[in-house]
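Here the structure comes first, spelled out in structure tokens, and everything after it is commentary.
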Amino acid sequence: MTHPMDTPQDEAGALQAFREEVRAFIQANLPLELRERVERGWGFLSKEDYVFWQKRLQARGWGAPGWPLEHGGTGWTAAQRQVYEDESALACCPRTQPQNVKMIGPILCAYGSEHQRRRFLPGILSGDEWWCQGYSEPGAGSDLASLRTRAVLASDDAGEHYRVSGQKMWTSLAHWADWMFCLVRTDTGGRPQEGITFLLIDMKSPGVTVRPVITLDGAHHTNEVFLDGVRVPVKMRIGEEGRGWTYSKALLAHERAGIAELGRSRERLGRLKRLAIDPAVNGGHLAGDAVFKAKVTALEIEIMAAEASTLRLM
Ligand SMILES: Cc1cc2nc3c(=O)[nH]c(=O)nc-3n(C[C@H](O)[C@H](O)[C@H](O)COP(=O)(O)OP(=O)(O)OC[C@H]3O[C@@H](n4cnc5c(N)ncnc54)[C@H](O)[C@@H]3O)c2cc1C
């Protein structure tokens, strides 16, 4: 017996129907004023805008498309997820904050304890609790395994905990975050990768200081985070002590998969082309300029190459 989705035509038709469903949802839910600000640039958005959109998505059951169904995922295929990402970007929706839904969410689903999942997954889905990524340090970027932020196991009347001291660097949106998922060193012997542990740190803990790093575009997006004897209960450790490198790599696989932001790149290129024919911009003559056209074509090729890589990965 033939299944209704057996032929490529059926599959393409179902995907097109899904695309229409996503477009209709966006049309009905994204206020024009918010759409216009996204089109102008991320810098025109506040935390409240992102939370607003996350709540709209979650109300539709689309708060975390990549998660397993039992934890609140959508059960979409890879192709559906790509369609959803593309349509959301092309329609200028606020982007889903990667640190929350795309990075720590899947790690909690895969490696978190029952307590951690119950405590954190609902807040991520609703957009009410925000996370930041405490990986990089002043001396640990590309060579992440050389990180030196130290965590020492201790115990007192209130229970077993780590005392964490060190500095994180480039921590995106730490000033909006309630929690930080953080790589710390618990062992200095052996291979550097083996002494790393993955902790969940409450940003309101005494000893946490966040200082802005203003980037070249004049925006406050990233930060330095200083940790001075911060107390972290052992139950806020992901998995086993010393296995943080394994969990951190799994998380980076989720980060890499979406980092190309193809839909957004296409949307930006489309905007550039519209500006080029706008009479208010250089009399609209830019579109006929040979050098400009060559640059736009080169960008288009780069996006196509990134798309090929992304689809291969998916
Ligand atoms: C806007 C922004 C936001 C960020 N947000 C976060 C965040 O939220 N959380 C977080 O943890 N990190 C964040 N990062 C940090 C980012 O992941 C690091 O910048 C990255 O890990 C690279 O580290 P680095 O900047 O220290 O560069 P370095 O490691 O010092 O590298 C500098 C240059 O040297 C090259 N290089 C390094 N090692 C080698 C080698 N062995 N051989 C050849 N070339 C080499 C690199 O390719 C690069 O060109 C952010 C960075 C930026 C710019």
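All of the numbers you see were taken from the coordinates with simple rules; none came from a lab. What you see is a predicted model, and the numbers here were worked out from it, not measured in a lab. Please note: Cβ atoms are built from the backbone with ideal geometry, for glycine as well, and neighbour counts cover all protein chains shown.
Taking only the Cα atoms of the range 100-163, the radius of gyration and Dmax are 14.9, 40 Å. Over the Cα atoms of the range 131-257, the radius of gyration divided by the Kirkwood radius equals 0.96; this is the Rg/Rh ratio.
Run the paramagnetic zone check for GLU20: 7 angstrom along Cα to Cβ, then residues of the range 84-127 with backbone nitrogen under 11 Å. From the range 84-127, the list is empty. Between the residues ALA28, PRO8, PHE52, the greatest Cα displacement towards the positive end of the dipole of the range 8-96, with unit charges on the Cβ of Lys, Arg, Asp and Glu, is found for PHE52.
Shown for MET304, MET103: other C-beta atoms within 10 Å of each C-beta, ranked fewest to most, produce the order MET304, MET103. The convex hull of the Cα atoms of the range 8-96, projected and averaged over all directions, covers 6.0 nm². Only the Cβ atoms of Lys and Arg (+1) and of Asp and Glu (-1) were treated as charged; on that basis the dipole of the range 8-96 about its Cα centre amounts to roughly 320 debye. Secondary-structure-derived ellipticity at 222 nm for the chain, considering helices only, amounts to -13500 deg cm²/dmol, per-run term -39500 (n - 2.57) for DSSP H runs with n ≥ 4. You can think of it this way: the chain between LYS47 and LEU32 has 3.6 nm of extra reach, that is 0.36 nm per residue less the Cα-Cα gap.
Taking the Kirkwood radius as Rh and the Cα radius of gyration as Rg, the chain has a ratio of Rg/Rh equal to 1.01. Helices in the chain that qualify as membrane-span-like (whole DSSP H runs, Cα extent of at least 24 Å along the helix axis, mean Kyte-Doolittle hydropathy of 0.5 or higher) are 290-313.
In the distance distribution for the range 10-60, Cα-Cα pairs more than 17 Å apart total 47 percent. Annotation: amide H of CYS132 within the under-5 Å range of TRP179, MET180, PHE181, sequence separation 5 or more or interchain, hydrogens built in the peptide plane.
Look at the dipole of the range 131-257 built from charges on Cβ: of SER142, ALA219, TRP179, the Cα furthest out on the positive end belongs to SER142.
Can you tell me the order of 146-157, 127-138 when each peptide is scored by its average per-residue count of other Cβ atoms within 10 angstrom, highest first?
Listed from highest to lowest mean packing, they are 127-138, 146-157.
Of the Cα atoms belonging to the range 208-283, the radius of gyration and Dmax stand at 21.1, 64 Å. Label the range 45-180 by shape, choosing from rounded, prolate and oblate, from the square roots a ≥ b ≥ c of the eigenvalues of the Cα gyration tensor; if a/c is under 1.5 it is rounded, and otherwise prolate applies when a/b is larger than b/c, oblate when it is not. Because a/c hits 1.5 or more and a/b exceeds b/c, the range 45-180 counts as prolate. Taken over the range 162-314, lysine pairs spaced eight or more positions apart, or on distinct chains, with alpha carbons under 29 Å apart number 8. Overall, the chain carries a charge dipole of about 360 debye about its Cα centre when +1 sits on the Cβ of Lys and Arg and -1 on the Cβ of Asp and Glu, all other atoms neutral.
Taking packing as the residue-averaged number of other Cβ atoms within 10 angstrom, the listed peptides 285-297, 65-77 run from highest to lowest as 65-77, 285-297.
Using R0 = 35 Å, the C-beta based FRET efficiency linking GLU302 and PHE226 works out to 0.40.
Please state the Cα pair-distance histogram of the range 260-313 with 5 angstrom bins from zero: what percent is in each bin? It works out to 4, 20, 24, 21, 14, 9, 5, 2, 1, in whole percents.
Compute the relative contact order of the chain as a whole-number percentage, counting only Cα pairs closer than 8 Å that sit 6 or more residues apart in sequence.
Answer for the chain is 14 percent.
Each of MET314, MET203 was scored by other Cβ atoms within 10 Å of its Cβ. Listed from fewest to most, they are MET314, MET203. For Cα pairs less than 8 Å apart in space and 6+ apart in sequence, what is the mean separation divided by the residue count of the range 144-281, i.e. the relative contact order in percent? Relative contact order comes out at 25 percent.
Short-range pairs are left out: with C-alpha atoms under 8 Å and at least six residues apart, the relative contact order of the range 1-155 is 21 percent.
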